[in-house]
Amino acid sequence: MQLLIVEDDQSVADALIDAVSAAGHHAVLASRGSDALLRHHDVHLILLDLGLPDMDGLEVLRKLRQVSDVPVIILSARDDERSVVRGLRQGADDYLVKPIGLAVLLARIEAVARRTGGKSAATRNQINAGTLSIDLGKHEAVLAGKPLGLTAKEFELLTLLARHAGSVVTREQILDRLWGDAFLAVSRSLDVHLTGLRAKLATPGMIVNVRGVGYRLEAPSS
(Lines give C-alpha, C1' and ligand atoms only; values in the text may rest on other atoms or scores of the structure.)
Protein backbone atom coordinates (compact mmCIF):
# COMPACT_ATOMS: atom_id res chain seq x y z
CA MET A 1 0.00 0.00 0.00
CA GLN A 2 0.94 3.63 -0.41
CA LEU A 3 1.06 5.22 3.05
CA LEU A 4 1.33 8.86 4.09
CA ILE A 5 3.13 9.34 7.42
CA VAL A 6 2.37 12.68 9.06
CA GLU A 7 5.03 13.08 11.76
CA ASP A 8 7.37 15.97 12.64
CA ASP A 9 9.80 13.96 14.79
CA GLN A 10 12.38 12.74 12.27
CA SER A 11 13.59 9.82 14.40
CA VAL A 12 10.04 8.54 14.86
CA ALA A 13 9.29 9.09 11.17
CA ASP A 14 12.41 7.16 10.14
CA ALA A 15 11.43 4.21 12.35
CA LEU A 16 7.91 4.18 10.90
CA ILE A 17 9.18 4.36 7.32
CA ASP A 18 11.63 1.52 7.94
CA ALA A 19 8.91 -0.64 9.52
CA VAL A 20 6.27 -0.21 6.83
CA SER A 21 8.87 -0.52 4.05
CA ALA A 22 10.08 -3.81 5.52
CA ALA A 23 6.47 -5.02 5.40
CA GLY A 24 6.26 -4.25 1.67
CA HIS A 25 4.50 -0.90 1.82
CA HIS A 26 5.66 2.38 0.31
CA ALA A 27 5.68 5.45 2.54
CA VAL A 28 5.90 9.20 1.93
CA LEU A 29 6.47 11.68 4.75
CA ALA A 30 4.78 14.96 5.63
CA SER A 31 6.05 16.86 8.68
CA ARG A 32 3.30 19.51 8.74
CA GLY A 33 -0.47 19.30 8.77
CA SER A 34 -0.77 21.65 5.81
CA ASP A 35 1.47 19.33 3.80
CA ALA A 36 -0.77 16.38 4.65
CA LEU A 37 -3.80 18.23 3.30
CA LEU A 38 -1.98 18.66 -0.02
CA ARG A 39 -0.47 15.17 -0.25
CA HIS A 40 -3.29 12.86 0.82
CA HIS A 41 -4.43 12.14 -2.75
CA ASP A 42 -3.98 8.61 -4.04
CA VAL A 43 -2.62 7.20 -0.78
CA HIS A 44 -4.29 4.15 0.71
CA LEU A 45 -3.84 5.01 4.40
CA ILE A 46 -2.54 7.82 6.62
CA LEU A 47 -0.61 7.53 9.89
CA LEU A 48 -1.32 10.82 11.66
CA ASP A 49 0.49 12.34 14.64
CA LEU A 50 -1.49 14.93 16.60
CA GLY A 51 1.37 17.14 17.80
CA LEU A 52 2.25 18.91 14.56
CA PRO A 53 4.11 22.24 14.34
CA ASP A 54 1.56 24.20 12.29
CA MET A 55 -1.83 22.85 13.41
CA ASP A 56 -3.33 20.28 15.73
CA GLY A 57 -3.65 16.82 14.21
CA LEU A 58 -7.35 16.71 15.07
CA GLU A 59 -7.85 19.82 12.92
CA VAL A 60 -6.01 18.05 10.09
CA LEU A 61 -8.35 15.08 10.52
CA ARG A 62 -11.42 17.33 10.54
CA LYS A 63 -10.36 18.98 7.29
CA LEU A 64 -9.46 15.66 5.69
CA ARG A 65 -12.90 14.28 6.46
CA GLN A 66 -14.50 17.19 4.60
CA VAL A 67 -12.99 15.94 1.34
CA SER A 68 -11.76 12.36 1.72
CA ASP A 69 -12.61 8.99 3.27
CA VAL A 70 -8.99 7.78 3.16
CA PRO A 71 -8.36 5.55 6.21
CA VAL A 72 -6.56 7.34 9.06
CA ILE A 73 -4.77 5.80 12.03
CA ILE A 74 -3.82 8.29 14.73
CA LEU A 75 -0.46 7.73 16.42
CA SER A 76 -0.15 10.00 19.44
CA ALA A 77 1.36 10.32 22.90
CA ARG A 78 -1.98 11.73 24.07
CA ASP A 79 -3.52 8.91 26.07
CA ASP A 80 -6.35 10.80 27.76
CA GLU A 81 -9.85 9.52 27.07
CA ARG A 82 -11.05 12.86 25.68
CA SER A 83 -8.42 12.89 22.90
CA VAL A 84 -9.11 9.27 21.97
CA VAL A 85 -12.86 9.83 21.83
CA ARG A 86 -12.50 13.04 19.80
CA GLY A 87 -10.17 11.36 17.33
CA LEU A 88 -12.48 8.43 16.72
CA ARG A 89 -15.61 10.57 16.55
CA GLN A 90 -13.98 12.92 14.04
CA GLY A 91 -13.38 10.03 11.67
CA ALA A 92 -10.17 8.22 12.61
CA ASP A 93 -10.27 4.50 11.84
CA ASP A 94 -8.01 3.63 14.77
CA TYR A 95 -6.18 5.41 17.62
CA LEU A 96 -2.85 4.09 18.90
CA VAL A 97 -0.95 5.54 21.85
CA LYS A 98 2.82 5.98 21.58
CA PRO A 99 5.10 4.20 22.14
CA ILE A 100 3.69 1.28 20.20
CA GLY A 101 5.35 -1.92 19.06
CA LEU A 102 5.98 -1.95 15.33
CA ALA A 103 4.52 -5.46 14.96
CA VAL A 104 1.29 -4.24 16.56
CA LEU A 105 1.26 -1.18 14.30
CA LEU A 106 1.63 -3.32 11.17
CA ALA A 107 -1.18 -5.59 12.36
CA ARG A 108 -3.45 -2.56 12.90
CA ILE A 109 -2.59 -1.23 9.44
CA GLU A 110 -3.54 -4.58 7.90
CA ALA A 111 -6.78 -4.69 9.92
CA VAL A 112 -7.85 -1.20 8.82
CA ALA A 113 -6.92 -2.01 5.21
CA ARG A 114 -9.14 -5.11 5.30
CA ARG A 115 -12.09 -3.14 6.64
CA THR A 116 -11.76 -0.34 4.11
CA GLY A 117 -10.81 -2.39 1.07
CA GLY A 118 -7.20 -1.22 1.09
CA LYS A 119 -7.74 1.97 -0.88
CA SER A 120 -9.83 5.09 -0.76
CA ALA A 121 -10.36 6.01 -4.38
CA ALA A 122 -12.40 4.21 -6.99
CA THR A 123 -10.29 2.81 -9.83
CA ARG A 124 -12.90 1.82 -12.42
CA ASN A 125 -11.96 2.74 -15.98
CA GLN A 126 -15.58 2.89 -17.14
CA ILE A 127 -18.30 4.98 -15.50
CA ASN A 128 -21.93 4.83 -16.61
CA ALA A 129 -24.72 7.07 -15.36
CA GLY A 130 -27.87 6.69 -17.44
CA THR A 131 -27.02 7.65 -21.02
CA LEU A 132 -23.72 9.19 -19.90
CA SER A 133 -20.67 6.99 -20.46
CA ILE A 134 -17.13 7.92 -19.42
CA ASP A 135 -14.07 5.98 -20.54
CA LEU A 136 -11.13 6.98 -18.35
CA GLY A 137 -8.59 5.06 -20.41
CA LYS A 138 -9.56 6.86 -23.62
CA HIS A 139 -10.32 10.11 -21.77
CA GLU A 140 -13.65 10.20 -23.56
CA ALA A 141 -17.15 11.14 -22.42
CA VAL A 142 -20.26 10.28 -24.45
CA LEU A 143 -23.80 11.48 -23.75
CA ALA A 144 -26.69 9.72 -25.54
CA GLY A 145 -24.25 8.46 -28.15
CA LYS A 146 -22.71 11.87 -28.78
CA PRO A 147 -19.04 12.49 -27.86
CA LEU A 148 -18.51 15.54 -25.66
CA GLY A 149 -15.58 17.75 -26.54
CA LEU A 150 -14.45 18.52 -23.00
CA THR A 151 -11.36 20.28 -21.72
CA ALA A 152 -9.17 18.38 -19.26
CA LYS A 153 -10.70 20.14 -16.23
CA GLU A 154 -14.26 19.71 -17.54
CA PHE A 155 -13.58 15.99 -18.01
CA GLU A 156 -12.22 15.68 -14.46
CA LEU A 157 -15.21 17.56 -13.08
CA LEU A 158 -17.75 15.43 -14.95
CA THR A 159 -15.94 12.24 -13.91
CA LEU A 160 -16.02 13.22 -10.24
CA LEU A 161 -19.73 14.07 -10.35
CA ALA A 162 -20.53 10.89 -12.30
CA ARG A 163 -18.72 8.69 -9.78
CA HIS A 164 -21.19 9.98 -7.19
CA ALA A 165 -24.24 10.32 -9.45
CA GLY A 166 -27.35 11.00 -7.39
CA SER A 167 -25.33 12.23 -4.40
CA VAL A 168 -24.00 15.68 -3.56
CA VAL A 169 -20.32 16.39 -4.10
CA THR A 170 -19.26 19.40 -2.01
CA ARG A 171 -17.34 22.35 -3.38
CA GLU A 172 -14.50 21.42 -1.02
CA GLN A 173 -14.33 17.90 -2.44
CA ILE A 174 -14.24 19.26 -5.99
CA LEU A 175 -11.53 21.82 -5.20
CA ASP A 176 -9.50 19.16 -3.40
CA ARG A 177 -9.67 16.65 -6.24
CA LEU A 178 -9.28 19.02 -9.21
CA TRP A 179 -6.98 21.68 -7.77
CA GLY A 180 -5.31 19.75 -4.95
CA ASP A 181 -6.37 22.08 -2.14
CA ALA A 182 -9.89 22.14 -0.75
CA PHE A 183 -9.22 25.39 1.04
CA LEU A 184 -7.59 27.34 -1.77
CA ALA A 185 -9.57 30.31 -3.06
CA VAL A 186 -10.08 29.09 -6.62
CA SER A 187 -13.85 28.80 -6.50
CA ARG A 188 -14.17 31.25 -9.39
CA SER A 189 -12.22 28.83 -11.57
CA LEU A 190 -14.64 26.09 -10.58
CA ASP A 191 -17.59 28.26 -11.58
CA VAL A 192 -16.07 28.93 -15.01
CA HIS A 193 -15.41 25.24 -15.71
CA LEU A 194 -18.84 24.28 -14.43
CA THR A 195 -20.50 26.78 -16.77
CA GLY A 196 -18.55 25.38 -19.71
CA LEU A 197 -19.42 21.81 -18.80
CA ARG A 198 -23.13 22.58 -18.50
CA ALA A 199 -23.10 24.28 -21.90
CA LYS A 200 -21.52 21.23 -23.56
CA LEU A 201 -23.88 18.80 -21.84
CA ALA A 202 -26.81 20.90 -23.10
CA THR A 203 -29.09 19.04 -20.67
CA PRO A 204 -30.84 21.37 -18.22
CA GLY A 205 -31.14 19.92 -14.73
CA MET A 206 -28.40 17.34 -15.24
CA ILE A 207 -26.06 19.11 -12.82
CA VAL A 208 -28.02 20.38 -9.85
CA ASN A 209 -26.73 23.18 -7.64
CA VAL A 210 -27.38 22.32 -3.98
CA ARG A 211 -27.16 25.77 -2.45
CA GLY A 212 -24.47 26.20 0.16
CA VAL A 213 -23.24 22.61 -0.21
CA GLY A 214 -22.16 21.59 -3.71
CA TYR A 215 -23.45 19.85 -6.83
CA ARG A 216 -25.28 16.66 -7.76
CA LEU A 217 -25.34 14.91 -11.12
CA GLU A 218 -28.69 13.42 -12.08
CA ALA A 219 -28.19 10.52 -14.48
CA PRO A 220 -29.93 11.34 -17.80
CA SER A 221 -32.40 8.72 -19.01
CA SER A 222 -32.71 9.86 -22.59
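The values are calculated or read from the model by the stated rules, or taken from the named source; none is laboratory data. Because the structure is predicted, anything quoted here is derived from the model rather than measured. With ideal geometry, Cβ positions are generated from the backbone for all residues, glycine too; neighbour counts draw on all protein chains shown. Note: areas computed on protein heavy atoms with side chains; ligands, DNA, RNA excluded. Shrake-Rupley method; radii C 1.70, N 1.55, O 1.52, S 1.80 Å.
The calculated FRET efficiency for the pair Val97 and Arg211, based on their C-beta separation and a Förster distance of 35 Å, comes to about 0.25. Among the trypsin sites (Lys or Arg not before Pro) in region 19-71, those located in a DSSP loop and surrounded by at most 16 other Cβ atoms within 10 Å of their own Cβ are Arg32. With 0.36 nm allotted per residue and the present C-alpha distance subtracted, the Glu81-Glu218 stretch has 45.0 nm of extension available.
What a 1.4 Å probe finds exposed on the chain is 50% carbon and sulfur by accessible area, rounded to a whole percent. One decimal place: the segment Ala144-His41 gains 33.9 nm when fully extended, by the rule 0.36 nm per residue minus the C-alpha distance. Centre-to-centre, using Cα atoms only, region 138-208 and region 1-74 are separated by 29 Å. DSSP finds beta bridges in the chain, and of those with both partners inside it, around 55 percent are antiparallel. Note that the chain presents 49 Å² accessible area per residue, ligands and nucleic acids not counted, probe 1.4 Å. Go ahead and set up a Gaussian network model of the chain, Cα springs under 10 Å, then flag whichever of Ile100, Ile134, Ile73 fluctuates most. Fluctuation is largest for Ile100.
With a/c under 1.5 counting as rounded, go ahead and sort region 108-218 into rounded, prolate or oblate using the C-alpha gyration tensor (a ≥ b ≥ c being the square roots of the eigenvalues; past the cut-off, prolate if a/b is larger than b/c, else oblate). Cα axes put region 108-218 in the oblate bin.
In the chain, helical runs assigned H by DSSP with n ≥ 4 each contribute -39500 (n - 2.57); averaged across all residues and rounded to the nearest 500, the mean residue ellipticity at 222 nm is -12500 deg cm²/dmol.
Scan region 135-169 for GluC sites (Glu not before Pro) in coil per DSSP, keeping those whose Cβ has at most 16 other Cβ atoms within 10 Å, and list them by number. When the GluC sites (Glu not before Pro) of region 135-169 are filtered for loop state and at most 16 Cβ neighbours within 10 Å, nothing remains.
Candidates Val43, Asn128, Leu16 compared by Cα position along the dipole of the chain: farthest toward the positive end lies Asn128, with charges placed on Cβ.
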